[in-house]
Amino acid sequence: MAAERIRPPAPVHCDRSATFAAFVLFAGALAAAPLHAGVYDVPSVSFPTLQSAIDDAAVKQNPSNVIRINAELSITNTIDIGSGFGPAVQLVIRPGPALARARILSTNDGADSLASIVRIHGAQWVMLQSLDVLRNAVNGQHLVIVENSRNITIERCRIGSLGGAADQLHPKNAIDVLNPSRVIVRNTVCFSRQAGGVAIGIHAVASGDPTHSLLLYNDVVSDYSAAGIDLAFATAGSYVVLRNNIACNFPDFPPPNEPFAWRSAIATGVTVVTSHNTSLADAGFEENMTGVKAIARSSPGDATYVLRPTSEIDTAFLNRSWNLTPGFTNPDFFRLQNLGTLHTPSTRWGITVGNGAPDTHDAIVRDDGEKDPRPGGTTLHTDRGIDQIEPGAPIVAVGNGPAMLQALELAPQGNPARTASLQYVAQRSGSLELTLVDASGRVVQREHLSVATGERGTWRIGRLAPGVYLYRGTLVSGQGERSTVTGRLAVFD
């Protein structure tokens, strides 16, 4: 089968303290389920609903509380987390030990459609981890609301609306935040199955308190009708941190109806720490700034900021469409393509973040949306968005010196996968031979291409019998220099 080649356009050049230390200890301690912890399994005879477990934890006042969701939860009301939680009574909601992710499906239509799915208000020290928080009804309220709360973490979650065209008539925000203090959203996707089904991916407003703060790391926002990330901070001394985030303007909304990837109203005296963010947006629809500082990039010449057109969205991710098939977990949802527009070249990588580094306001990013450790890769780095492409994928470059190691890049589009595709980037012009061999050594397919410098493309091999295959790519430049990349590809039924 012929390879699909893309010759990319030229690159776009665009112009505290004890509380924090306690927060770090909180995250580690709850992960280990310490002594005097309340551990709740939902659903169970004792706690048939998530709300019953939350209410019991708030009443019993154990120092550390972990609620483990062991099956999909279908709800028609709001999950309410209030002031019963704080430094002395902390709460984590996450999947049970047999699940990688837990689903909370809201069907609160009709009169109940004015309710949010999750509301955190007046609470402290609450974490939501690895949850799919989804609404399968018309949106009458924001999906997740965080109000006047402190030390809240939402990480490795997928928060979205699964409704149809009616959602466009009643778009609400995926995450709506009011007056946050040290609220972190990390490795989280905010989306809608219907284009424009959410108004804003992440929206936050803060005023009146210099301790207000919001930290956004490696999030992906998509399918919004107004803006991807929209922040309005009004009080000097407050701060926002944004790193490695990706805002995707939906291609179905072309100019002049295209939304803004970012919208900001930042007042004088508010600290903005921002780097390595990405706009998949068309010119003029990056950031609508009405305050004194931008949030997508630190300056017009910020070299860490990436702007690519909406036409490249499907070359960045393996899949951006939510599959409604019952039981399907959507494993490739907003996973990066290994040689896609947001991973190649290496200037598209993100920044590795630790506690207090590189900025004193930073909080550590240890892993990605699937708990794969960050940083990773042969050259250690942190990728943008929710997905850390794993190191060690069986890619071995063979050449006559360091210069040859980068002449050809070749990797599976998914591994393992049901259908076989290999992506390549040729850093030199020449002749490219692509070969796929089965376990017996038989050549299954072979392709010969003439490639230009900087050319990228996809060799779509198609359906294969289940098994493990060896792939090989050999690039011979016009000067006779040879570079070979080999690896293994697993195909399942």
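What are the residues in region 436-485 that are of a type in the set (Val, Ile, Thr), closer than 17 Å to Glu409 by Cβ and at pLDDT 85 or above, if any?
Result: Val451, Thr458, Thr474, Val476.
If you filter region 294-325 down to residues that are in a loop (DSSP other than H, G, I, E, B) and of a type in the set (Phe, Trp, Tyr), you find that the one that is modelled with the lowest pLDDT is Trp322. Summed over region 417-460, residues that are surrounded by fewer than 19 Cβ atoms within 10 Å (Cβ to Cβ), more than 24 Å from the chain's Cα centre (by Cα) and of a type in the set (Gly, Ala, Ser) total 8. Being among the β-branched types (Val, Ile, Thr) and part of a strand (DSSP E or B) holds for only one residue in Thr435, Thr453, and it is Thr435. Here Arg297 clears all of (1) surrounded by 17 or more Cβ atoms within 10 Å (Cβ to Cβ); (2) touching a strand residue (DSSP E or B) at 6+ places or on another chain (Cβ under 6 Å); (3) of a type outside the set (A, V, I, L, M) except the condition numbered (2). Here Glu433 meets the list (1) closer than 26 Å to Asn244 by Cα; (2) among the acidic types (Asp, Glu); (3) modelled with pLDDT of 85 or more; (4) in contact with a Ser or Thr (Cβ under 8 Å, 6 or more places away or on another chain) almost entirely, failing just condition (1).
Open to solvent by 20 Å² or more (accessible area, probe 1.4 Å) and within 24 Å of Phe317 (Cα to Cα), is that true of Ala490? So Ala490 passes the test. Checking each residue in region 277-290 for being under 23 Å from Ala363 (Cα atoms) and touching a helix residue (DSSP H, G or I) at 6+ places or on another chain (Cβ under 9 Å) picks out only Thr278.
A count restricted to region 461-470 and to residues that are hydrophobic (A, V, I, L, M, F, W, C), under 30 Å from the mean Cα position of the chain (by Cα) and open to solvent by 20 Å² or more (accessible area, probe 1.4 Å) stands at 1.
Evaluate the following for Arg488: is it basic (Lys, Arg), part of a strand (DSSP E or B) and modelled with pLDDT under 85?
It is true that Arg488 is basic (Lys, Arg), part of a strand (DSSP E or B) and modelled with pLDDT under 85.
Per the listing Phe328, Phe250, the residue uniquely in a loop (DSSP other than H, G, I, E, B), aromatic (Phe, Trp, Tyr), open to solvent by 50 Å² or more (accessible area, probe 1.4 Å) and within 30 Å of Pro416 (Cβ to Cβ) is Phe328. Within region 253-284, being open to solvent by 30 Å² or more (accessible area, probe 1.4 Å), modelled with pLDDT of 95 or more and under 17 Å from Asp223 (Cα atoms) holds for Phe260, Arg263.
Just give me the residues in region 307-336 being of a type in the set (A, V, I, L, M, F, W, C) and closer than 16 Å to Ile246 by Cβ, in sequence order.
Initial filter on region 307-336 (of a type in the set (A, V, I, L, M, F, W, C)): 307, 313, 316-318, 322, 324, 328, 333-334, 336.
Passing the criteria: Leu307, Ile313, Ala316, Phe317, Leu318, Phe333, Phe334, Leu336.
Restricted to region 331-355, and to residues there that are within 13 Å of Ile386 (Cα to Cα) and in contact with a helix residue (DSSP H, G or I) (Cβ under 8 Å, 6 or more places away or on another chain), the residue that is surrounded by the fewest Cβ atoms within 10 Å (Cβ to Cβ) is Leu342. Restricted to strands (runs of 3 or more DSSP E) entirely inside region 166-246, those with at least 1 residues that are among the β-branched types (Val, Ile, Thr), crowded, with 24+ Cβ neighbours inside 10 Å and touching a strand residue (DSSP E or B) at 6+ places or on another chain (Cβ under 8 Å) are 175-178, 181-186, 189-192, 198-206, 220-222, 224-233, 239-243. For region 65-156, the strands (runs of 3 or more DSSP E) that sit wholly inside it and include 2 or more residues that are closer than 28 Å to Pro373 by Cα are 90-95, 102-106, 124-129, 131-135, 144-147, 150-155.
One line per residue, one yes/no per condition, for (1) within 17 Å of the chain's Cα centre (by Cα); (2) of a type in the set (D, E, K, R):
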| position | (1), (2) |
| --- | --- |
| Thr271 | no, no |
| Gly284 | no, no |
| Glu287 | no, yes |
| Lys293 | no, yes |
| Asp302 | no, yes |
| Leu318 | yes, no |
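The values are calculated or read from the model by the stated rules, or taken from the named source; none is laboratory data. Because the structure is a prediction, the values reported are computed rather than measured. Positions of Cβ are generated from backbone atoms using ideal geometry, with glycine treated the same way; all protein chains shown enter the neighbour counts. These accessible areas exclude ligands, DNA and RNA; they are computed on the full protein's heavy atoms, side chains included. Shrake-Rupley method; radii C 1.70, N 1.55, O 1.52, S 1.80 Å.
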